[in-house]
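To start, I am sharing the structure in question, which I have written as structure tokens.
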Number of protein chains: 2
Amino acid sequence: MREKLEKAVVDERLAALNTWSLEEEGSKWIMRKYRFSSFLQAIAFVKEVAQVSEAMNHHPMIAIDYRVVTLRLTSWVAGGLTELDFATAAKFEQVYSEVEG
Amino acid sequence: MREKLEKAVVDERLAALNTWSLEEEGSKWIMRKYRFSSFLQAIAFVKEVAQVSEAMNHHPMIAIDYRVVTLRLTSWVAGGLTELDFATAAKFEQVYSEVEG
């Protein structure tokens with residue numbers, strides 16, 4: 001779960017989780033921007049994301065620009081992307097569909 | 001409250017609120033980084049900041065990097081910094097001392 005993935009596996013995981021993308025070609029980060037109907041809705045999402053992150057002991061970088069929330073994930077210790085990053089991102093997708101769905 | 005301040009007034013306000021600073025020389029943004037004892041403490045702070053922002057109808061850009069929260073303020077409509085930015089920043093200071101104090 002916490003071992004660095006080969007590029008081919010990363011590409012496969014991104015194809016399966018197609019709302020997320022590499023921050024840039026060759027980046028160690030995956031990211032997604034989430035849009036909300038209101039600022040408070042965005043904040044509610046961040047609160048849920050925080051709970052999931054604590055439970056998984058894996059924390060994204062979070063930026064809140066009014067109604068847009070950007071999440072970024074990487075695995076520092078592995079020096080790249082791991083299964084944990086993709087598992088965490090998948091949980092955030094679930095949270096989003098619950099908050100904004 | 002919502003008129004752009006002259007540079008001299010901005011300097012005066014920043015001297016009074018000395019935990020905040022211009023993002024860079026001549027910037028239209030003021031900013032501050034807040035450090036917390038835990039990630040969930042940082043999230044609790046952001047939640048309070050969100051309530052204050054809604055009440056003042058003035059929203060900061062927010063970045064959460066684990067236990068560090070960066071807030072940035074400007075007044076888009078005025079095209080620069082206004083009294084509202086400094087009044088809002090002062091409220092955030094109050095929230096911080098309540099959450100982490």
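Here's a check for you: in the stretch B:1-16, which residue that is buried (at least 18 other Cβ atoms within 10 Å of the Cβ) and of a type outside the set (D, E, K, R) is farthest from the chain's Cα centre (by Cα)? Don't jump to the end; show me each part of the working.
Of all residues in the stretch B:1-16, those buried (at least 18 other Cβ atoms within 10 Å of the Cβ) come to B:5, B:10, B:13.
If we keep only those that are of a type outside the set (D, E, K, R) as well, we get B:5, B:10.
Values: B:L5: 16, B:V10: 14 Å.
If we take residues in the stretch B:1-16 being buried (at least 18 other Cβ atoms within 10 Å of the Cβ) and of a type outside the set (D, E, K, R), then B:L5 is farthest from the chain's Cα centre (by Cα).
What do you reckon, is A:M56 open to solvent by 80 Å² or more (accessible area, probe 1.4 Å), in contact (Cβ under 8 Å) with a residue 12 or more places away in the chain and touching a helix residue (DSSP H, G or I) at 6+ places or on another chain (Cβ under 6 Å)?
No, not satisfied.
Let me ask something else about it. If the requirement is being in contact (Cβ under 8 Å) with a residue 40 or more places away in the chain, closer than 29 Å to B:E54 by Cα and out of contact with any Cys (no Cβ under 7 Å at 6 or more places or on another chain), which of these qualifies: A:Y96, A:Y66? So that I can check it myself, show each step before the final result.
Values: A:Y66 fails: in contact (Cβ under 8 Å) with a residue 40 or more places away in the chain.
On inspection, the qualifying residue turns out to be A:Y96.
Could you list, in sequence order, the residues of the stretch B:19-39 that are at pLDDT below 95 and not hydroxyl-bearing (S, T, Y)?
B:E24, B:E25, B:G26
Out of all the residues in the stretch B:20-49, which are open to solvent by less than 10 Å² (accessible area, probe 1.4 Å) and among the hydroxyl-bearing types (S, T, Y)?
B:Y34, the sole residue that qualifies.
Conditions: (1) more than 14 Å from chain B (Cβ to nearest Cβ); (2) not in a helix (DSSP H, G or I). A:H59 meets all but one. Number of the miss?
Failed condition: (1).
Could you list all residues from the stretch B:62-86 that are surrounded by 14 or more Cβ atoms within 10 Å (Cβ to Cβ) and more than 11 Å from chain A (Cβ to nearest Cβ)? Steps first, answer last, please.
Let us first name the residues in the stretch B:62-86 that are surrounded by 14 or more Cβ atoms within 10 Å (Cβ to Cβ), namely B:62-67, B:69-75, B:78, B:80-86.
B:L73, B:T74, B:S75, B:A78, B:G80, B:L81, B:T82, B:E83, B:L84, B:D85, B:F86, listed by residue number.
Contact list please: Cβ distance under 8 Å, first residue in the stretch A:1-28 and over 18 Å from A:E93 (Cβ atoms) and in contact (Cβ under 8 Å) with a residue 12 or more places away in the chain, second residue among the hydrophobic types (A, V, I, L, M, F, W, C) and open to solvent by 100 Å² or more (accessible area, probe 1.4 Å), pairs at least six apart or on different chains.
A:R2/A:V77
Still on this model: Let me confirm something: among B:A42, B:A8, which residue is away from chain A (no Cβ under 11 Å) and assigned to a helix (DSSP H, G or I)? If you could, list the steps in order and put the result at the bottom.
Working: B:A42 fails: away from chain A (no Cβ under 11 Å).
Sole residue among the options that is away from chain A (no Cβ under 11 Å) and assigned to a helix (DSSP H, G or I): B:A8.
The values are calculated or read from the model by the stated rules, or taken from the named source; none is laboratory data. Since the model is a prediction, treat every value here as computed from it, not as a measurement. Cβ coordinates were reconstructed from backbone atoms using ideal geometry, including for glycine residues, and neighbour counts include every protein chain displayed. With ligands, DNA and RNA removed, areas are computed over all heavy atoms of the protein, side chains included. Shrake-Rupley method; radii C 1.70, N 1.55, O 1.52, S 1.80 Å.
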